[in-house]
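The values are calculated or read from the model by the stated rules, or taken from the named source; none is laboratory data. Everything quoted here is computed from the prediction, not taken from an experiment. In this analysis, Cβ positions are derived from the backbone assuming ideal geometry, glycine residues included, and neighbour counts consider all displayed protein chains.
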2 protein chains.
Amino acid sequence: MSAKIGQRSTKQRAAVAAALAEVDDFRSAQDLHDVLRRRGDLVGLTTVYRTLQALTDSGDIDVLINSDGESIYRHCGQSAGHHHHLVCRKCGRTVEVEGKAIERWTDAIAHEHGYSDITHTMEIFGLCPACARESTEAMS
Amino acid sequence: MSAKIGQRSTKQRAAVAAALAEVDDFRSAQDLHDVLRRRGDLVGLTTVYRTLQALTDSGDIDVLINSDGESIYRHCGQSAGHHHHLVCRKCGRTVEVEGKAIERWTDAIAHEHGYSDITHTMEIFGLCPACARESTEAMS
DNA sequence: ATGTTTATTGATAATGCTTTTCATTAAGGC
DNA sequence: GCCTTAATGAAAAGCATTATCAATAAACAT
């Protein structure tokens, strides 16, 4: 790993954060790079990747990986803390869900085994109502 | 897209299916290719990929994508019991844990939002007892 | 069995996302 | 302005996956 990022404020970082703030959806690094270029903010692709990673590490944005193996990013809506995503495996439609129960459960399990300093990752996948309807229609 | 697969039975396909059937866990295509080579079944990497894709399309196995963007596969019909992992972020020591509660919770949440055909991924990270002791000792 | 058809295989090349490298640039502090 | 070094970014490297395409071998007919 390299020197950790986020100790100086640069216009590139501001541009990436701003671009991400405007969109209320998951976008890939390359998408964001395009958006930035179109609007005239010349930011290197490498920097976009690095910045997104830094923002992710600091918990300022959410990442998840789509079915093509691409990482996609979004600014977290409710800064109201930790949450999970319910993602449609077909169209990507996402719902944010809270999971106090999960938090409690993982903490309990971990402590039971003597583990400390617990974190976890979790994603839920399913077919959203629209896509489910679509695929049953296709059956006929 | 090429001609769809699965119209002839070959030893390669049998080998891939068998390898996957033995393991009760998610494995990447390359992992499986290694497993096959070690046991003496010489199957080309390309064929492993193709076969896994075919098995996925026909619904015989599950895919999901890990946090590195790798596709990992598991033989479906998880009667053998779905479980999660509690992993030490320092030394990698892993404990397998069951999570009926999680299952129920994700299903409930998903149905609440109209999503169907639910799956989920989850990993728990922490410091195992040994590593925790080590790091407090280092403090002094 | 033998031949014919064509699905399947697999070594290699190509693709595409992401990370490294490293020389250059520019924040932040003096 | 000057210095230190974080940050940038073009180009190269890395890595999983997919496309190519000549060679092979199922399934089936003769």
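So residue A:109 passes all but one of these: (1) loosely packed, with under 15 Cβ neighbours inside 10 Å; (2) in a helix (DSSP H, G or I). Which condition number does it fail? In the conditions (1) loosely packed, with under 15 Cβ neighbours inside 10 Å; (2) in a helix (DSSP H, G or I), residue A:109 misses (1) alone. The number of residues in the range B:65-84 that are in a strand (DSSP E or B) and modelled with pLDDT under 80 comes to 1. Looking only at the range A:12-30, residues that are within 14 Å of DNA strand C (Cβ to nearest atom) and without any contact (Cβ under 8 Å) to a residue 12 or more places away in the chain come to 1 in all.
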